[in-house]
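Contents: one structure, followed by commentary.
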């Protein structure tokens with residue numbers, strides 16, 4: 001589902017929305033402000049988790065029901081402004097700049113392959129990392145790195161407000 005939604009959003013950006021958004025400075029500023037607020041909030045939550053040592057409890061036998069899993073997928077996909085900044089504005093805007101339809105399709109093919117590889121690596125690679133993430137220090141390091149990255153990305157979005 002993650003690959004499907006990524007492909008759907010990138011395609012919508014390449015075939016029009018990305019071009020429209022890229023040409024509308026006011027809309028870019030609104031998206032940038034929402035993105036900055038989201039990223040700073042998420043960065044602060046990660047920093048809080050790192051300091052307090054809060055983390056997920058990993059249990060290989062633990063399972064969520066399908067409804068909960070799909071609900072979380074929708075929340076992380078569609079309520080995350082960074083999703084729209086990446087897929088529609090950034091990637092879609094680049095793809096929309098191609099004038100030939102064949103060039104757009106080639107660009108999309110590369111995006112689809114990269115997206116598929118990324119989500120499959122996340123899904124299957126996470127199993128390999130379970131032993132590492134059963135240690136508190138690993139979570140603290142990851143949360144700290146995520147917080148720093150969120151703050152850096154939020155700072156980079158301030159360029160869109162000028």
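Across the range 5-41, what is the total count of residues that are within 17 Å of residue 91 (Cα to Cα), within 16 Å of the chain's Cα centre (by Cα) and free of Cβ contacts under 8 Å to residues at least 12 places away in the same chain?
Total meeting the criteria: 1.
Let's see how each residue does on (1) within 18 Å of the chain's Cα centre (by Cα); (2) crowded, with 19+ Cβ neighbours inside 10 Å; (3) under 30 Å from residue 134 (Cα atoms); (4) at pLDDT below 90:
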site: 3; (1), (2), (3), (4): yes, no, yes, no
site: 43; (1), (2), (3), (4): yes, yes, yes, no
site: 57; (1), (2), (3), (4): no, no, yes, yes
site: 88; (1), (2), (3), (4): yes, yes, no, yes
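Would you pick out the residues in the range 139-162 that are over 16 Å from the mean Cα position of the chain (by Cα) and either assigned to a loop (DSSP other than H, G, I, E, B) or more than 16 Å from residue 47 (Cβ to Cβ) (or both)?
158, 159, 160, 161, 162
Which of the residues spanning the range 65-112 are within 18 Å of residue 33 (Cα to Cα) and not in a helix (DSSP H, G or I)?
Scanning the range 65-112 gives 79, 80.
The values are calculated or read from the model by the stated rules, or taken from the named source; none is laboratory data. None of the values given here were measured: they were computed from a predicted structure. Reconstructed Cβ throughout: ideal geometry from the backbone, glycine too, with neighbour counts over all protein chains shown.
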